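Q: Please see the structure below; I have some questions.
Nothing in this text is a laboratory measurement; each read-out follows from the coordinates by a stated rule. The model shown is predicted, which means the values in this text are computed figures rather than measured ones. No Cβ is skipped: glycine too gets one built from the backbone with ideal geometry, and neighbour counts run over all protein chains shown.
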Amino acid sequence: MYWEEEKEESSNQSNEKIVDVSFKVNCKKIAADHAYDLYQAVTHLIPKINDVNNLAIHSVYGAESGAGWERPETEIYLSKRTRFCIRTPIEFADELFKLNEKTLNIGKYEMKLSKPNIKKLIITDTLFCRAVVFKNYSDENIFLKNVNDFLKSIDINIKKMLCGKEHIIKTPNGNLVGKTLLITDLEKKDSIKIQEIGIGVGKLYGCGIFLPHKSIAPVAVSKTDE
């Protein structure tokens, strides 16, 4: 755990360099470990994605996955409210709208996308990521040091952060080992910067993508149960 008390910071607005393109999903269920298959399905339809800086493909999560600290063993059942998102530079958003009414073949599952829209990044002092991946780390302290060192390299000083359980993302080039991470007491400009850049490797496989988070309660529950 890394925790430092500090004063609050006033809010400001996003410059909208990076946005989420969000799609409605028609799919009853998907494999829990679907990140690489999802990447293949998307890039099969839009190969240019591989050449876009700061583009990230969100993994898909259902009701059972909660806040992301827990997730089902084999399959995720999706509701009608489930959305699939790709985080992208604003200038590439129109290209992603070409996925409208397309069907992604994600392993043995099919997921039809529709009704795309652009979602602005939300300014918040607390962010959560389901899987932050660094190529080399041996324990929690080294993991947190890697996060802190990276953020300092982009002029962000962290006050409080907490990591949780490990998740394994399988790829043909080897498994990625990620840990859930919550960062709080962020300055508003730093919150946007982290969402725009991400942390660690594997953004095309759903790793290093930060989302707004309202409370650290699910973190505390997870850590108690470990």
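Q: Can you compute the modelled spin-label distance between Asn136 and Val177, with each label point 7 Å from Cα toward Cβ, in nm?
A: Taking the two extended label points, one gets 1.4 nm.
Q: Run the Debye formula on the Cα coordinates of the range 18-120, all scatterers equal and no solvent, and tell me log10 I(q)/I(0) at q = 0.11, 0.15, 0.19 1/Å.
A: Those come out to -0.30, -0.57, -0.93, one per q.
Q: Run the dipole for the range 75-206 about the Cα centre, Lys and Arg Cβ at +1, Asp and Glu Cβ at -1, nothing else charged, and hand back the magnitude in debye, nearest 20.
A: Using Cβ point charges on Lys, Arg, Asp and Glu, the range 75-206 gives about 440 debye.
Q: Below 9 angstrom from the Cβ of Val19, what's the summed charge of the other residues (Lys, Arg +1; Asp, Glu -1)?
A: Around Val19, the surrounding residues sum to +2.
Q: Give me the dipole magnitude in Debye, nearest 20, for the range 131-216 about the Cα centre, with unit charges on the beta carbon: positive for Lys and Arg, negative for Asp and Glu.
A: Details: 13 positive and 9 negative charges, 31 e Å.
I would put it at about 140 debye.
Q: If you don't mind, there's one more thing I want to ask. Please work out the ratio of the alpha-carbon Rg of the range 122-225 to 2.2 N^0.38 Å and round it to two decimals.
A: That works out to 1.01 for the range 122-225.
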